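The structure under discussion appears below in the form of structure tokens.
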Amino acid sequence: MRHMRITVTGSTGLIGTALVRSLRADGHEVVRLVRRTPAAADEARWDPGTGYVDPAALAGCAAVVNLAGAGVGDRRWTEAYKKEIRNSRVVGTSTLARAVAALDQRPAVFLNASAVGYYGDTGDRVVDEGFPAGEGFLPSVCVAWEAAAAPAHEAGVRTVFARTGLVVAREGGAWGRMFPLFRAGLGGRLGDGRQYWPFIALPDHVAALRHLLDTPGLSGPVNVCAPEPRTNRDITAAMGRVLRRPTPFPVPAPALRLALGEMAQDVLGSHRTRPARLLESGFAFRYPDVEGALRAALDRG
């Protein structure tokens, strides 16, 4: 890839931080869009609520990467927080897509985050990008999230949706909360443990995003998860082996529903998602198995 100017939202999150670091290590110029007053030379302001994006942030950029969105697992799903989850994605994507479409010189690619939650609970059925959206809150958010990018696509910009699985990392996300519990010997399966979790190591996730930026033939939805999702039971056992800790404390489904409310549906739901388009495009995973992903996360810590 030639050296490029790339604009990124969500740059302070788990994935955004790692992506920006990777891009800069290869000599790319990164402009980070922030909602507050810019405090560094590489920052520029945007305000999705008012539809404002600093025009200078997009001038001359070859790619725009939109990773912004309130954390799905950060709080209990009250009606107010569900609205925040949805609006932070849909309104932000719409604002950025419209700004991209309005440029005289548009970027080559608009890479927008999405999630494997698009498919809903798939049970034991293997699903790829050809399957329709599921039912429920998260699938409805993903559908609206992706639809909000329409202005960029309609303006002729290659638009890609990175439907992400659970990112294995110590620094944050679901695994950032699980590692301390398992290290303390307090880990265990969730519910019956038969639900599939579509995981991906953080280095593979960053590499996949770079691949999506670099591959002109890829557009539309792309599942960003390891080739073989594992069950929660399998992942629990792998955590125990890697951390050399017992995993004696299963959490019954009723207890999860009591503690998490509606969010428990996603924790107990099964997502047996396959990254068909990523594999077909020639992407090679460094950590295709869960133990490798776990060890990579621990090595980074």
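The values are calculated or read from the model by the stated rules, or taken from the named source; none is laboratory data. Predicted, not measured: the structure shown is a model, and the values here were computed from it. Cβ placement follows ideal geometry from the backbone for every residue including glycine, while neighbour counts extend to all protein chains displayed. These accessible areas exclude ligands, DNA and RNA; they are computed on the full protein's heavy atoms, side chains included. Shrake-Rupley method; radii C 1.70, N 1.55, O 1.52, S 1.80 Å.
Under the simplified labelling scheme, the A284-E262 pair shows an inter-label distance of 4.5 nm, with each label point 7 Å from Cα along Cα→Cβ. Sequence-ordered 3J(HN,Hα) estimates for the range 195-200 from the Karplus curve with 6.51, -1.76 and 1.60 and θ = phi - 60° stand at 6, 7, 10, x, 8, 7 Hz, glycine and proline given as x.
Accessible surface of the chain, 1.4 Å probe: 52 percent of it comes from carbon and sulfur atoms.
Principal-axis analysis of the Cα atoms of the chain puts helix 137-147 at an angle of about 20° to the longest axis.
By how many degrees, 0 to 90 and rounded to 10, does the Cα axis of helix 173-183 deviate from the longest principal axis of the chain? Tilt relative to the chain: about 30 degrees. Each of T95, G69, P107 was scored by the projection of its Cα onto the charge dipole of the range 33-118, and the greatest displacement toward the positive side belongs to G69; charges sit on the C-beta of Lys, Arg, Asp and Glu.
Protection proxy ranking for 233-240, 221-228, 31-38, using the average of other Cβ atoms within 10 Å per residue and placing the highest first: 221-228, 233-240, 31-38. Per residue, the chain exposes 44 Å² of solvent-accessible protein surface, assessed with a 1.4 angstrom probe and all protein chains in place. What is the Cα centroid distance between the range 120-135 and the range 73-116, reported in whole angstrom? What the calculation gives is 22 Å, centre to centre.
The charge dipole of the chain, taken about its Cα centre with unit charges on the Cβ atoms of Lys, Arg (+1), Asp and Glu (-1) only, comes to about 740 debye. Note on the range 61-149: semi-axes of the ellipsoid equivalent to its C-alpha gyration tensor, largest first and rounded to whole Å, are 26, 18, 10. Overall shape of the range 1-99 was characterised from the C-alpha gyration tensor. The equivalent ellipsoid obtained from it has semi-axes of 25, 16, 11 Å, in decreasing order. When the Gaussian network model of the chain links Cα atoms closer than 10 Å, the mean-square fluctuations of G269, G261, G188 top out at G261. By the equivalent-ellipsoid construction on the alpha carbon gyration tensor, the range 148-296 comes out with semi-axes of 31, 18, 12 Å, ordered largest to smallest.
Among 171-182, 48-59, sorting by the average number of other beta carbon atoms lying within 10 angstrom of each residue, highest first, gives 171-182, 48-59.
How large is the direction-averaged shadow of the alpha-carbon convex hull of the range 137-183, in nm²? Its Cα hull, projected and averaged over all orientations, spans 4.6 nm².
Rg/Rh for the chain (Cα atoms only, Rh after Kirkwood) is 0.96. Which translational diffusion coefficient, to the nearest whole µm²/s, is obtained for the range 14-72 from the Stokes-Einstein equation, given a Kirkwood hydrodynamic radius over C-alpha pairs, 37 °C and 0.692 mPa s? For these conditions, the coefficient is 262 µm²/s. Computed from point charges on the beta carbon alone (+1 for Lys and Arg, -1 for Asp and Glu), the dipole magnitude for the range 186-301 about its Cα centre is near 320 Debye.
Applied to the range 292-299, the Karplus parametrisation 6.51 cos²θ - 1.76 cosθ + 1.60 on θ = phi - 60° returns per-residue 3J(HN,Hα) values of x, 5, 5, 5, 5, 5, 5, 5 Hz, with x for Gly and Pro. With axes computed from alpha carbons, what is the tilt in degrees of helix 232-243 against the longest principal axis of the chain, rounded to the nearest 10 within 0 to 90? Compared with the principal axis, the helix lies near 90 degrees.
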